[in-house]
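First up is the structure itself, then whatever we jot down about it.
What follows is calculated from the coordinates using simple rules that are stated; it is not laboratory data. Just so we're clear, the structure is a prediction, and the values are computed from it rather than from any experiment. Glycine also receives a Cβ, built like all others from the backbone with ideal geometry; neighbour counts cover every protein chain displayed.
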Amino acid sequence: MKTKRTIIAACIATLFISGTVFAKDSWEYHESGWNNVKSYGKVVIAQDSVGHWGPWEDFVEPAAGAPAPVAMPGMSAGDQYRKTPDIIVIPEDKGCATGAWCGYAIFRNSADQRESYNERSYYKPSNPWTGALFTLMPTPDDPSITAGEGRGPGSIAWQLDSLGAILPTFSESAGAIPADFGGGWWFTGDDGLHHFHTDAYAADVNGVSHNMFSSEARNTFGSGPFEQAITGQMINIGSKWRPIWVRIAADEQVAVGDFSQMTVYVKGESRSMERPPVAQTEGYYVAGIATPQAYLASQQASNIRANYVGGSFDGSRQGSVAIQVQFGPATWQGQWESSAMSFQAAGNITGANIAATNISALSNCDRATYSGYVQGTFYGEQAGSIGGVSSVTKTSVAPQVEARTIVQTPVTQTQTAIFLVNKVPTVQTPSSVPR
């Protein structure tokens, strides 16, 4: 019992120590102190990087040769304490090309189980949420309608490309859907291709308003960090006692919304006898105009470091996301925190895309392993946002007593979510309270 209390105390002490190391001053990490704090065993935080096993370095000898680019999630056979995190890297040709409206989505297939129209149970999802690449094709009738300006009629089409084993029942919108850009039948004062509404029975896709006074984002996603990343937010990059509030504006070159595609059949001749859809693919997406390569090259040449904050959405819950980008070495690291899943990830930048090469626990006392993928793209003329998708599986070991024997039983939990983060301005305006 004394040993157990000592281990718990050590974990708590580690959290307090690491909290001082990772305290942020104007959103800069105190990297100079990383060599003085141990992450686990003999491994210090400075050694916990993309090229190291971090907390597992004391237990696992690196295998010879380069790791496989794609590995199936799971743990290595044999000793369950020899945990090898498996990271799925999406091929480069699956990413976004600069100048195109492309992005990421979560989708699920649903089947209608009702025998009659009046039954209460509508759709019963037959699949969990799955990550996908999402191509958005907005075509306004008036070419003067751009990403952030103008309103009028046009059409919208979309296409899904699953990143998992589950395929969508409907992988596209089956052609262009009539759309109203920059307002539609409601008035929010928000113009442009990112804000649109469609009115179709068999297929649908909507882009919510980026106007912070509009209720569309809250009605679609609820309130939280993800919704604030869509509409803009005020954040304190100083301290509690000396706050420095900065305004993070919404990115008009990003579209966020929901979509669906369904099939129906009619029983009888009267519309009142119409049976509801029997199959449906639905989901949520984040898409935008990928950042031009010339701007990204200039940031790399100047060795710029940028911070992004925002949130994630898994179909029902929102979480907070913070990403720090080092354009010089073309690397990044970030933290995802929500009631469903919390983890940290790090990886590389290729073109306008980011991809994780390491996913691990936020806490040093978390003995679980993490596998899956994090993929995203820089959006906007000046990389004002990063939108993407994550699908992360947490595998922990739960001891169970069976016939006087303690058996270590793996327990897995998976969360698939889209995320959106906006760049923190470099110009800081001190103030005591947010406006």
| How much length is gained on full extension from Thr263 to Ala294, taking 0.36 nm per residue of separation minus their Cα-Cα distance? | 6.8 nm
| message | Please list, by residue number, everything in region 337-352 whose backbone N is under 13 Å from a paramagnetic label point 7 Å out along Cα→Cβ of Ala330. | response | 348-352
| Excluding Ile418 itself, what net charge comes from residues whose Cβ is under 14 Å from its Cβ, given Lys and Arg +1 and Asp and Glu -1? | -2
| note | Placing each pseudo-label 7 Å from Cα in the direction of the beta carbon, Asn348 and Ala202 end up separated by a distance in nanometres of 4.5
| field | Net charge contributed by nearby residues that have their C-beta within less than 12 Å of Asn219 (K/R +1, D/E -1) | value | -2
| request: Give me the distance in nm between label points sitting 7 Å out from Cα along the Cα-to-Cβ direction at Leu167 and Ser396, one decimal. | output: 3.7
| said: Going by amide H atoms built from the backbone, whose H comes under 5 Å of the H on Gln280, apart from near neighbours? | reply: Ser110
| field | Likely footprinting exposure, Thr393, Thr414, fewest C-beta neighbours within 10 Å first | value | Thr414, Thr393
| Separation between the Val278 and Thr409 pseudo-spin-labels, each 7 Å from Cα along Cα→Cβ, expressed in nm? | 4.0
| request: Would you please put 288-295, 227-234, 326-333 in order of how densely packed they are, using the mean number of other Cβ atoms within 10 angstrom per residue and starting with the highest? | output: 227-234, 288-295, 326-333
| Of the listed peptides 189-197, 240-248, 371-379, 359-367, what is their order by residue-averaged count of other C-beta atoms within 10 Å, with the highest listed first? | 371-379, 189-197, 359-367, 240-248
